[in-house]
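Shown next, in structure tokens, is the structure this report addresses.
The values are calculated or read from the model by the stated rules, or taken from the named source; none is laboratory data. Note that this is a predicted model, so its numbers are computed, not measured. Accessible surface is based on the protein model in full, side chains and every heavy atom, while ligands, DNA and RNA are left aside. Shrake-Rupley method; radii C 1.70, N 1.55, O 1.52, S 1.80 Å.
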Amino acid sequence: MNLFYNRDGVGDVLLIQHTVTRPDAITTASYGDVTVIRNAETDEVAAINLFKASSYFTIETVGKVEMTEEIVDQLQGAFRKNGAEVELNADFSPKFVVGHVLTKEKHPNADKLSVCTVDLGSETVQIVCGAPNVELGQKVVVAKIGAVMPSGMVIRDAELRGVASTGMICSAKELALPDAPEEKGILVLDSNAVVGEAFTK
């Protein structure tokens, strides 16, 4: 789940991305200041818009809003006040973590892509990577599904040239780190980095 707010660009509306999957068709229902957007096929809540958001709590952020237990409790209170019976699926686990590249194979359909198996501590995922410097055994930064990049891009499950990819191995530039090199290549961490731990700038 991700929260976004931009009063100048969108208005006094908190945008709640409840799932990262984009439904093919949607239904909407409004309850006072709350509009709930559902997947038309599964009835799963895909997104929620909270209008007049500043009347419910103070938001000083522009762009992605950090999700905390306090904000989730305030949101649930706003929903109840408007008669919207919605339970938020809040995941507070880190979305940028240290990964360990376990395997690297050439992509069967693309010369410049590699198919990597990456240990994230709590799970092992397959990631298609286009960086020329990715290698077996490296400690790297992985943006997990649902992560919001500094550019605003949300990481989703993908399929690159016919191969499934879950997450992204990041470069310093993609992470908007200071003095990031211009040349292409992932950020390689020190070998002592702990797999599964949150990556912080």
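Which number do you get for Rg(Cα) / (2.2 N^0.38 Å) in the chain? Mind showing how you got there, number by number?
Details: Rg = 19.1 Å, N = 201, 2.2 N^0.38 = 16.5 Å.
Normalised Cα radius of gyration, the chain: 1.15.
For the stretch 91-196, what relative contact order do you get, as a whole percent, if you take Cα pairs closer than 8 Å and at least 6 residues apart?
Values: 228 pairs, mean separation 31.0, N = 106.
Over the stretch 91-196, the number comes to 29 percent.
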Could you give the C-alpha radius of gyration of the stretch 22-127 expressed as a fraction of 2.2 N^0.38 Å, taking N as the number of residues it contains?
1.50
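Expressed in whole Å with the largest first, what are the equivalent ellipsoid semi-axes of the stretch 77-183 derived from the C-alpha gyration tensor as the square root of 5 times each eigenvalue? List each step's numbers first, then the result.
Details: eigenvalues 190, 55, 37 Å².
Largest first, the stretch 77-183 gives 31, 17, 14 Å.
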Taking springs between alpha-carbon atoms closer than 10 angstrom, which of Thr103, Thr58, Thr166 fluctuates most in the Gaussian network model of the chain?
Thr58
The stretch 159-170 - phi-based ³J(HN,Hα) in whole Hz, Karplus 6.51/-1.76/1.60, Gly and Pro as x
9, 10, 6, x, 10, 5, 9, 10, x, 9, 7, 9
I need the P(r) histogram for the stretch 69-109: all alpha carbon pairs, bin width 5 Å from 0 out to the longest distance, whole percents.
5, 16, 15, 11, 9, 8, 7, 7, 9, 8, 4
Unsatisfied cross-links (Cα-Cα over 30 Å) in the set Lys64/Lys112; Lys106/Lys173; Lys81/Lys144; Lys112/Lys173
Lys64/Lys112; Lys81/Lys144
Any aspartates and glutamates with Cα under 18 Å of the Lys139 Cα? List them, leaving off those in the same chain fewer than 8 positions away.
Glu105, Asp119, Glu123, Glu174, Asp190, Glu197
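Of Ile145, Ile26, Ile169, which has the most accessible area and how do the rest follow, probe 1.4 Å? Could you put the intermediate results ahead of the total?
On the way: Ile145 50, Ile26 95, Ile169 10 Å².
Descending order: Ile26, Ile145, Ile169.
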Value of Rg/Rh across the stretch 10-84 [Cα atoms, Kirkwood radius]
0.96
To the nearest 10 degrees, how steeply does helix 69-81 sit against the main Cα axis of the chain, on a 0 to 90 scale?
30
Distance between the stretch 108-128 and the stretch 160-201 - C-alpha centres, whole angstrom
13
